[in-house]
Structure formats: structure tokens, C-alpha cells
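Colleague: If you scroll down you'll find the structure; I have some questions about it.
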Amino acid sequence: MTFGEQPAYLRVAGDLRKKIVDGLLPPHTRLPSQARIREEYGVSDTVALEARKVLMAEGLVEGRSGSGTYVRERPVPRRVARSGFRPAGGATPFRQEQADGESRGTWESGSGQTEASGAIAERLGIKPGDRVMCTKYVFREAGEAMMLSTSWEPLAVTGRTPVMLPEEGPLGGMGVVERMRAIDVIVDNVTEEVGARPGLAEELLALGGVPGHVVLVVQRTFYASGRPVETADVVIPADRYRVSYHLPVK
């Protein structure tokens, strides 16, 4: 193979991908069989199989038991709007994660005390094994799971206070900034780092994805005078959503 030349299976996958993108192989169309790919492209069975695997890993096709491999419906990406602090008025947990004031959705959550792992302890500036409140959310739009969030708050900050449980008590569901203010902890900064990775099996099950799908992960941390008071991982299916930031100009 000369420098810059692609392996045969990638060239076959690239041609099939182009046909899918261009609409020559529309959604729900059966992908050419392995024998057909072998004959059409003059490649071996191994190359044909690897090309199909590439398309499946990219989420462009899906296997149907006893039927074959079919082109998947390509969703039109929707927007997940984010901003630094929670918008004023009409605050809900959904609004905390989706800053678009026009968005409406539902959510489920559950909280429980646990010990901070090494990674979470580093993000919160505490020791591994310190107690934290962990809250897990599933956010839905029109009934469809669109976003997952797992947050951790150090019980050294919120323990034995009325805001220890993020979704219960007098300020349940009011968001990090308002809850912390109620115990005289003033949040003055928030950071978000966005990355991408293959979704975990349990994440894709909750989000309705298939193995191999990529998710966007927003790692968010709220600070009060330089001290982290909450950190969270927000997981969003990358094939269905785009993250849009609204940042004030100072």
C-alpha cells in the first residue's frame, strides 16, 4: 500500500457512506449483501465484512435479525442551549440543563449519599472517600430521552442543611445557585468542558441509542470563591443534538 492510500475496506465503506449521504441508499433500504459488495467492488469477503462493520460503528446502518442490514433513519440534529448561570424566572431542573427559555420538558431524578471517587474528589477539591450527594437525572423532550445528568455535591457544604437533597425540601428543584445562596454560599463562577466519547451501554439504553454511538459529555462545575460546590456530567446523544452556548459579552 502506497503512502496515503486507504485500506480497501475503508474505500468500500467510504463509497457506501457517500451513497447513504447522497440519498442513493435512503433510510430503511437494505444494504447490499456481503456477496454483492464483494462482486461490485472486487474485494474479498473479509473486506466486505469490515466495510459493513465500519458503517454499523458509525451508526449509519443497523442489523435486523434474520433480515439483513438496513440504512438507519438520520435524525435532524436539534439544539441544546446552554448558558453559564441558570436563567431567571420559571426555573426548573430542565431549565438548569437546557437554557432555552422556550424549551419544555420533563425529568426524573434520584439522589443518594456515596463516597467520592478519585476523579470526582479531584473535581470537587476534596479527599477520595469523602461523602457526597449524588443525583442522577433523565431529561425528556416530548417523551424522548434527550439528556442524562449526574451531579455530585460535597456533604461538607450541604450536609445537615435544608438543601442537602437537590430535588426535595423547600428549595427542591431550584438549582445550584439558588440553593447554595440559601445557605450563604454564593456561587460566582461556573466552568464547562465539552468532550466526546462512545456512549456507555447503560447510557445508550436510557437514551435510545445503539452500541457504538458517540455522546457529548459536558463536565460542569460551580464555584463559590474558588471552592467547587457542585460538579456534574451531562450526557447528550451526539447524533441528535448540538450544544449551543449563550455567553454574555462583558
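Colleague: Could you tell me whether segment 166-186 includes any residue that is touching a Lys or Arg at 6+ places or on another chain (Cβ under 7 Å) and among the basic types (Lys, Arg)?
Modeller: No.
Colleague: Could you list, in sequence order, the residues of segment 130-144 that are of a type in the set (A, V, I, L, M, F, W, C) and surrounded by fewer than 20 Cβ atoms within 10 Å (Cβ to Cβ)?
Modeller: If the condition is that a residue be of a type in the set (A, V, I, L, M, F, W, C) and surrounded by fewer than 20 Cβ atoms within 10 Å (Cβ to Cβ), then 134, 138, 142 are the ones that fit.
Colleague: Just name the residue that is farthest from residue 246 (Cα to Cα) out of those in segment 185-222 that are open to solvent by less than 70 Å² (accessible area, probe 1.4 Å) and of a type in the set (Asp, Glu).
Modeller: 203
Colleague: Scan 35, 48, 13, 8 and give me the residue that is open to solvent by less than 60 Å² (accessible area, probe 1.4 Å), within 28 Å of the chain's Cα centre (by Cα) and of a type in the set (Gly, Ala, Ser).
Modeller: Values: 35 fails: within 28 Å of the chain's Cα centre (by Cα); 48 fails: within 28 Å of the chain's Cα centre (by Cα); 8 fails: within 28 Å of the chain's Cα centre (by Cα).
The unique qualifying residue is 13.
Colleague: Return yes when residue 173 is of a type in the set (Gly, Ala, Ser), out of contact with any His (no Cβ under 7 Å at 6 or more places or on another chain) and more than 30 Å from residue 60 (Cβ to Cβ) and no when it is not.
Modeller: yes
Colleague: Right, next: Which residues, taken from segment 16-29, are in contact with a strand residue (DSSP E or B) (Cβ under 7 Å, 6 or more places away or on another chain) and either over 16 Å from residue 74 (Cβ atoms) or open to solvent by less than 70 Å² (accessible area, probe 1.4 Å) (or both)?
Modeller: If the condition is that a residue be in contact with a strand residue (DSSP E or B) (Cβ under 7 Å, 6 or more places away or on another chain) and either over 16 Å from residue 74 (Cβ atoms) or open to solvent by less than 70 Å² (accessible area, probe 1.4 Å) (or both), then 20, 25, 26, 27, 29 are the ones that fit.
The values are calculated or read from the model by the stated rules, or taken from the named source; none is laboratory data. Note that this is a predicted model, so its numbers are computed, not measured. Cβ: placed from backbone, ideal geometry, glycine included. Neighbour counts: every protein chain shown. Each accessible area value is taken on the protein alone, full model and side chains, heavy atoms only, with ligands, DNA and RNA left out. Shrake-Rupley method; radii C 1.70, N 1.55, O 1.52, S 1.80 Å.
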